[in-house]
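K.L.:
Encoded as C-alpha cells, here's the structure I'll be asking about.
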C-alpha cells in the first residue's frame with residue numbers, strides 16, 4: 001500500500017510569512033491543529049496549535065508575528081509513492097504524529113498516525129473475516145466454488 005492511498009486529509013498549507021493570527025484562523029476554518037508551512041508550495045516547516053500557544057502566546061509574541069518564527073523546521077516528510085512501511089518506520093524513528101507527503105518537492109498531503117491506525121485496523125478486519133470463517137465453518141472449503149483471484153483481469 002502506498003502513502004498516497006492512506007492519507008485521509010489534504011494538507012492545509014500556509015505561507016511562512018503569514019501571521020500567527022492568520023495561522024489560527026486557518027486552523028479554525030479547516031478544523032485542523034496542524035498547518036504545513038511552505039514557501040511557494042515547497043516544505044519549510046510545520047506549525048501546530050500547541051506551537052502557537054507555547055512558542056507564541058506564552059512568550060508574548062504579537063498576533064502579527066510571522067509563523068516561521070515559531071514553526072518546527074527540519075521536518076520529516078515522506079514521498080507520496082513510498083510504501084506505507086517506510087512511513088511506519090519514520091513515525092517510529094522520529095516520534096512525530098504527522099508527516100507531510102511530498103510529490104517531488106511539492107506538498108500534496110499530510111499523513112497522520114491516526115491514518116495509519118485506521119488503515120491497519122481495516123486490514124486486520126479483512127484478515128479477521130477469513131480466519132473467523134475458517135473457525136466457524138472448517139469444512140466449508142470442501143464445498144466451495146473455485147477460488148477468486150483478486151487483481152486478475154479477464
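K.L.:
Looking only at residues that are modelled with pLDDT of 75 or more and within 36 Å of the chain's Cα centre (by Cα) in region 134-154, which one is surrounded by the most Cβ atoms within 10 Å (Cβ to Cβ)?
P.N.:
Within region 134-154, the match that is surrounded by the most Cβ atoms within 10 Å (Cβ to Cβ) is 134.
K.L.:
For region 57-66, does any single residue satisfy the condition of being touching a residue at least 24 places away in the same chain (Cβ under 8 Å), outside any loop (DSSP other than H, G, I, E, B) and in contact with a helix residue (DSSP H, G or I) (Cβ under 7 Å, 6 or more places away or on another chain)?
P.N.:
Within region 57-66 (the criterion being touching a residue at least 24 places away in the same chain (Cβ under 8 Å), outside any loop (DSSP other than H, G, I, E, B) and in contact with a helix residue (DSSP H, G or I) (Cβ under 7 Å, 6 or more places away or on another chain)), the answer is no, since none of the residues qualifies.
K.L.:
Between 47, 101, which is in a strand (DSSP E or B), in contact (Cβ under 8 Å) with a residue 60 or more places away in the chain and surrounded by 17 or more Cβ atoms within 10 Å (Cβ to Cβ)?
P.N.:
Among 47, 101, only 101 is in a strand (DSSP E or B), in contact (Cβ under 8 Å) with a residue 60 or more places away in the chain and surrounded by 17 or more Cβ atoms within 10 Å (Cβ to Cβ).
K.L.:
Which of the numbered conditions does residue 72 fail, given that it passes all the others? Conditions: (1) surrounded by 14 or more Cβ atoms within 10 Å (Cβ to Cβ); (2) in contact with a strand residue (DSSP E or B) (Cβ under 8 Å, 6 or more places away or on another chain); (3) more than 22 Å from residue 121 (Cβ to Cβ); (4) touching a residue at least 40 places away in the same chain (Cβ under 8 Å).
P.N.:
So residue 72 meets the others, but not (4).
K.L.:
Of (1) without any contact (Cβ under 8 Å) to a residue 12 or more places away in the chain; (2) assigned to a loop (DSSP other than H, G, I, E, B), residue 17 satisfies all except one. Which?
P.N.:
Tallying (1) without any contact (Cβ under 8 Å) to a residue 12 or more places away in the chain; (2) assigned to a loop (DSSP other than H, G, I, E, B), residue 17 fails exactly one: (1).
K.L.:
Filter region 78-96 for residues that are closer than 25 Å to residue 50 by Cα, outside any strand (DSSP E or B) and in contact (Cβ under 8 Å) with a residue 60 or more places away in the chain and give the result.
P.N.:
Passing the criteria: only 87.
K.L.:
Continuing with the same structure: Provide a single number: the residues in region 103-117 that are out of contact with any strand residue (DSSP E or B) (no Cβ under 6 Å at 6 or more places or on another chain) and over 10 Å from residue 7 (Cα atoms).
P.N.:
So the count comes out to 4.
K.L.:
In region 27-43, how many residues are in contact with a strand residue (DSSP E or B) (Cβ under 6 Å, 6 or more places away or on another chain) and buried (at least 17 other Cβ atoms within 10 Å of the Cβ)?
P.N.:
Count: 6.
K.L.:
Kindly indicate whether residue 60 is surrounded by fewer than 12 Cβ atoms within 10 Å (Cβ to Cβ) and out of contact with any strand residue (DSSP E or B) (no Cβ under 8 Å at 6 or more places or on another chain).
P.N.:
So residue 60 passes the test.
The values are calculated or read from the model by the stated rules, or taken from the named source; none is laboratory data. What you see is a predicted model, and the numbers here were worked out from it, not measured in a lab. So basically every Cβ, Gly included, is an ideal-geometry build from the backbone, and we count neighbours across all protein chains shown.
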